[in-house]
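The values are calculated or read from the model by the stated rules, or taken from the named source; none is laboratory data. What you see is a predicted model; the values in this text were computed from it and never measured. In this analysis, Cβ positions are derived from the backbone assuming ideal geometry, glycine residues included, and neighbour counts consider all displayed protein chains.
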Amino acid sequence: MDSIPLNVVNTKIDWEGMLELQDGRQVKAIDQNHDVAKIEGNGFTVIVTKSTGLPTSDAMNWDLFPVRNKS
């Protein structure tokens, strides 16, 4: 896996707002606490860290992350 440049990691994600993956696919936070959020969309569910928007475990496609607010 290539390292993700820090300038693409969005630490100011509004977890209550509309979210999307890097390819524009809409996802939503279905559960969250102080450190992590569970997001779902298009038939998958993944847990991401709220500080980075990156998965806590191996992702099916790292090019889809980090999660960001819908533009």
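Just to verify a result, which residue in segment 59-69, among those that are surrounded by 12 or more Cβ atoms within 10 Å (Cβ to Cβ) and in contact (Cβ under 8 Å) with a residue 24 or more places away in the chain, is farthest from Asp31 (Cα to Cα)?
The extreme case among them is Trp62.
Quick one: Thr56 ticks every box in (1) surrounded by 11 or more Cβ atoms within 10 Å (Cβ to Cβ); (2) at pLDDT 90 or above except a single one, so which number is it?
(2) is the only condition that Thr56 fails.
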